[in-house]
Amino acid sequence: MEEDTDVLLVMLQSLLTVPVPSQSVLLDALVESNGDVNAAASFINSRKSSVAPRSRFSPEKKRNRPSDLDDWLK
């Protein structure tokens, strides 16, 4: 039975043990594995670079912003 792309993507995401990468990475893995969801999941799970770097907007780096409009406009 042939699965459509959306079903393959959902199946692939359900097999991942790492944070889900971008859709383009998922699609590339499916193409490289000729649509084999298990092979694509194994490939993504084995990649060390699949973990996204910490965002530059992470909570630790938030600026202290003024709490009211008057302070903001100063």
Fill in: Residues satisfying the stated conditions in region 1-24, i.e. surrounded by 15 or more Cβ atoms within 10 Å (Cβ to Cβ) and in a helix (DSSP H, G or I)
8, 9, 11, 12, 13
Practice prompt. Determine which single condition residue 67 fails, assuming it passes every other condition in (1) at pLDDT 95 or above; (2) open to solvent by 100 Å² or more (accessible area, probe 1.4 Å).
Written response: (1)
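The values are calculated or read from the model by the stated rules, or taken from the named source; none is laboratory data. Owing to the predicted nature of the structure, the values given are computational and were not obtained by experimental measurement. FYI the Cβ positions are ideal-geometry reconstructions off the backbone, even for glycines, and counts take in every protein chain you see. The protein model used for the area step is the full one, side chains on, heavy atoms only, and it has no ligands, DNA or RNA in it. Shrake-Rupley method; radii C 1.70, N 1.55, O 1.52, S 1.80 Å.
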